[in-house]
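Here's the structure, in structure tokens; my notes come after.
The values are calculated or read from the model by the stated rules, or taken from the named source; none is laboratory data. Note that the coordinates shown come from a computational prediction; the quantities given were computed from them, not determined experimentally. Glycine also receives a Cβ, built like all others from the backbone with ideal geometry; neighbour counts cover every protein chain displayed.
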Number of protein chains: 2
Amino acid sequence: MRCDVLAVGTELLLGQIVDTNSSWMGEQLAASGIDSLLQVKVGDNVGRIVAQLERLLVDADAVICCGGLGPTHDDLTRDAIAAVMGSELRLDDDLVEVIREMFASRGRRMPENNLRQAMVPDGAMIIPQTRGTAPGLICPVSVGGVEKVVFAVPGVPHELHDMFHRAVLPELLRRGGEPSSIVSRVLRTWGESESGLNERLHPIITELDHVGNPTLAFLASGWEGLKVRLTAKAATPSGAAGLLSAWESRVRAELDDIVFGVDGETMESVVLDLLRRRGLTLGLAESVTGGLVGGRLTAIPGASDVLRGGIVAYATEVKRSVLGVSDGPVVSEPAAIEMAEGTRRLLGADVGLALTGVAGPAEQDGMPVGTLCVGIATAEGAMARTVRLPGQRDPMRQLAVISALDLLRRLLLEQSAAH
Amino acid sequence: MRCDVLAVGTELLLGQIVDTNSSWMGEQLAASGIDSLLQVKVGDNVGRIVAQLERLLVDADAVICCGGLGPTHDDLTRDAIAAVMGSELRLDDDLVEVIREMFASRGRRMPENNLRQAMVPDGAMIIPQTRGTAPGLICPVSVGGVEKVVFAVPGVPHELHDMFHRAVLPELLRRGGEPSSIVSRVLRTWGESESGLNERLHPIITELDHVGNPTLAFLASGWEGLKVRLTAKAATPSGAAGLLSAWESRVRAELDDIVFGVDGETMESVVLDLLRRRGLTLGLAESVTGGLVGGRLTAIPGASDVLRGGIVAYATEVKRSVLGVSDGPVVSEPAAIEMAEGTRRLLGADVGLALTGVAGPAEQDGMPVGTLCVGIATAEGAMARTVRLPGQRDPMRQLAVISALDLLRRLLLEQSAAH
């Protein structure tokens with residue numbers, strides 16, 4: 001099974017947006033044992049979109065067309081696919097209703113040109129939209145008597161990701177014939193570099209290169225952690241699952257100390273669960289991250305039964321007046337501890353977690369860019385750690401979030417073990 | 001002049017690396033008035049690299065081949081280009097010396113397979129490497145009697161950037177004859193849907209479709225706002241700039257009330273600048289966004305001279321005990337105002353900005369998911385607004401950030417106007 005990708009949008013060619021969608025789909029397709037051998041960026045031009053679709057369909061069994069499904073004059077993917085199918089665009093009354101209701105539910109009138117999003121090529125199936133207004137399309141095409149398929153999905157990443165897993169991948173696997181089942185397991189790690197992981201897993205990697213199934217891949221994912229993905233293929237789901245778990249336990253044996261979560265688990269969800277299980281509430285005190293820790297934790301529904309809130313103490317006077325940090329350098333372990341104790345006291349939380357550091361561009365209090373001091377205060381006392389993170393401002397702040405949460409995670413595990 | 005791009009590397013198709021090189025080159029080419037209409041990713045496979053080069057050379061005057069110049073067996077760009085040129089690869093003795101010396105200067109022995117990097121197709125010119133070991137190539141090819149060119153450049157970004165400006169762009173401009181210039185302007189808007197923009201600009205869009213230059217496109221960018229991009233082309237930079245500003249003022253006349261920034265300006269930077277110019281400090285009170293507003297504002301270096309900090313009041317008790325919110329529903333305009341006044345008082349800030357709302361999954365206090373109440377407190381008094389945002393949790397929270405900052409921006413502009 002080969003599925004190539006056509007990313008549509010002049011802004012992609014002009015470099016105003018980097019095409020991360022093709023890379024993301026390439027990763028998902030590879031993990032499912034589907035080849036993606038060509039990925040093309042084309043502008044908002046019907047003639048060129050049609051030409052590229054026809055070229056890609058010569059060698060590929062399927063093409064995913066990403067972007068160009070919006071309501072405006074330069075959204076031309078629907079028109080291009082209809083031309084390739086040799087069919088007409090017709091207005092789908094049900095879609096019109098869905099889109100009208102979506103606007104109504106937001107108390108807004110539907111602009112007339114949103115009707116463009118209800119236009120569907122004859123013979124195409126609709127992938128219902130659950131997040132935006134642009135529905136996706138599954139468009140069968142016959143190429144020299146061979147049945148192939150073109151998918152149309154939105155370019156907005158979270159809409160694309162939802163449709164890809166809900167409709168595109170299942171349809172591709174169905175068309176792939178021989179029902180080989182693919183199961184993936186992602187082990188999320190924190191505390192080891194990619195090359196460090198490579199060394200620790202070298203014997204297993206060598207063995208897997210030989211047997212070829214399952215496959216193992218590393219994915220460095222910033223504040224999502226460094227992922228180790230195992231993907232097993234077999235005739236049946238249970239066969240794939242068995243193969244997977246056998247190798248997963250071998251990998252875990254090597255990485256036991258740094259694996260913090262599996263598949264959809266994030267550092268945030270893991271920390272919240274640990275606190276929830278022990279009936280503990282959390283209060284934050286953020287300086288260098290300016291609220292990013294709270295923003296990440298509250299992205300998870302149900303965070304409210306653990307997280308009471310936080311103090312973003314960006315100005316030094318706020319650290320002193322609100323959190324009671326005493327005189328002296330504010331990027332230091334003593335300051336981090338006072339911030340953690342301060343927020344724990346002020347918010348009436350069981351656990352206080354504090355971050356103070358230097359994101360740059362300039363150093364501060366003689367501390368170099370990349371310095372992070374984490375303070376944790378609990379009923380059993382307080383502790384602090386200093387870590388040194390890669391320099392650039394944004395990545396440093398993101399790595400600060402996962403580093404601080406990982407320290408809290410490890411402390412909670414130690415305490416649970418001690419009890 | 002048309003120059004397409006071929007990015008070579010299986011890791012790009014597998015999503016292990018995002019292809020930022022094509023985007024970067026697309027941006028540089030556009031700025032130099034060179035069209036780049038197709039950008040293709042292909043894996044480390046000679047047959048497919050050759051096929052793609054030949055396809056792209058049908059329509060393009062030039063193709064930049066990026067990556068696959070390393071020393072290993074899967075670096076095949078040189079071989080593919082030689083095949084397209086119909087010439088042989090020969091070992092270039094001078095290059096061998098350069099590469100040997102580069103290793104020697106690092107006190108290392110040159111591995112034999114680095115000799116691959118000294119292989120050059122007959123008839124190709126060498127772009128000397130100044131940063132790594134892989135030289136670039138300028139390879140003339142004749143396509144149906146028409147003289148065209150293929151460039152080979154390394155995939156390592158800083159090596160690519162150096163070679164592109166030092167050798168590739170000058171050669172393209174030389175071949176292009178007198179180059180035309182392209183200038184883009186992005187107007188960032190908030191407060192109108194993409195299709196609403198389309199309706200308001202319909203007369204201008206129709207006119208531009210007719211004249212064809214400048215072009216106009218919309219870019220929905222979540223909490224970056226909704227972008228309107230004008231791109232003008234002319235023989236000279238000043239000509240393009242003149243054309244651009246003429247049409248920009250026409251677009252601005254239609255969208256004056258919703259344009260908040262230009263090009264690189266963000267809602268965060270605009271709001272911080274407005275406050276800074278008036279010498280005002282800011283304090284935040286976040287519930288539904290859990291710290292995202294603070295996280296965005298502090299992503300900007302220098303935010304510290306405006307932002308004192310914030311209170312993430314996620315639990316209702318924290319809203320009451322820390323911010324002094326009185327009994328009654330906490331997702332309401334009165335609560336938003338009390339939160340804004342509370343943080344302004346507690347942090348000693350001139351302006352207090354508060355967000356309380358319902359991100360879902362469930363409704364709260366009888367308020368539907370998507371409800372956002374924004375409170376703003378200044379020395380001149382307090383105000384609140386309620387807005388309804390699209391439902392999903394993550395996008396709702398992101399739109400809440402830009403919506404709240406936009407309300408503050410509008411209030412600050414009104415106050416400045418009144419003074």
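Descriptive notes on the structure:
Okay, residues lined up against (1) at pLDDT 95 or above; (2) more than 9 Å from chain B (Cβ to nearest Cβ):
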site: A:11; (1), (2): no, no
site: A:19; (1), (2): yes, no
site: A:27; (1), (2): no, no
site: A:30; (1), (2): no, no
site: A:34; (1), (2): no, yes
site: A:38; (1), (2): yes, no
site: A:41; (1), (2): yes, no
site: A:48; (1), (2): yes, no
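- Once region A:345-371 is narrowed to residues that are small (Gly, Ala, Ser) and more than 31 Å from the chain's Cα centre (by Cα), the residue that is farthest from residue A:410 (Cα to Cα) is A:366.
- Of the helices (runs of 4 or more DSSP H) lying entirely inside region A:146-208, those containing at least 2 residues that are within 19 Å of the chain's Cα centre (by Cα) span A:157-163.
- Verdict on residue A:249 being small (Gly, Ala, Ser), surrounded by fewer than 16 Cβ atoms within 10 Å (Cβ to Cβ), assigned to a helix (DSSP H, G or I) and modelled with pLDDT of 95 or more: yes
- Looking across region A:353-370 at every residue that is farther than 15 Å from residue A:407 by Cα and in a strand (DSSP E or B), the one that is modelled with the lowest pLDDT is identified as A:364.
- For residue A:326, the criteria (1) free of Cβ contacts under 8 Å to residues at least 24 places away in the same chain; (2) among the hydroxyl-bearing types (Ser, Thr, Tyr); (3) within 12 Å of another protein chain (Cβ to nearest Cβ); (4) in a loop (DSSP other than H, G, I, E, B) hold in every case but one, which is (3).
- Among the criteria (1) closer than 18 Å to residue B:53 by Cβ; (2) surrounded by 19 or more Cβ atoms within 10 Å (Cβ to Cβ), the one residue B:147 does not fulfil is (2).
- Screening residue A:80 on (1) under 31 Å from the mean Cα position of the chain (by Cα); (2) at pLDDT 95 or above; (3) under 22 Å from residue A:23 (Cβ atoms) shows it passes everything except condition (3).
- Unmet criterion (only one of (1) among the small types (Gly, Ala, Ser); (2) surrounded by fewer than 24 Cβ atoms within 10 Å (Cβ to Cβ); (3) touching a Pro at 6+ places or on another chain (Cβ under 7 Å)) for residue B:326: (3)
- Residue within region B:383-399 that is away from chain A (no Cβ under 13 Å), under 19 Å from residue B:311 (Cα atoms), in contact with a Ser or Thr (Cβ under 6 Å, 6 or more places away or on another chain) and not small (Gly, Ala, Ser) present: no
- Some residue of region A:133-143 being assigned to a loop (DSSP other than H, G, I, E, B), away from chain B (no Cβ under 14 Å) and surrounded by 22 or more Cβ atoms within 10 Å (Cβ to Cβ): yes
- Residues of region A:87-108 satisfying the condition of being surrounded by fewer than 15 Cβ atoms within 10 Å (Cβ to Cβ) and more than 9 Å from every other protein chain (Cβ to nearest Cβ): A:88, A:90, A:91, A:93, A:94, A:97, A:101, A:104
- Test: residue in region A:44-51 that is within 22 Å of residue B:47 (Cα to Cα) and assigned by TED's automatic domain parsing to the domain that holds residue A:157: yes
- Within region B:209-234, being within 11 Å of chain A (Cβ to nearest Cβ) and part of a helix (DSSP H, G or I) holds for B:209, B:222, B:224.
- Those helices (runs of 4 or more DSSP H) lying entirely in region B:1-104 with at least 2 residues over 16 Å from residue B:152 (Cα atoms): B:10-13, B:20-31, B:46-59
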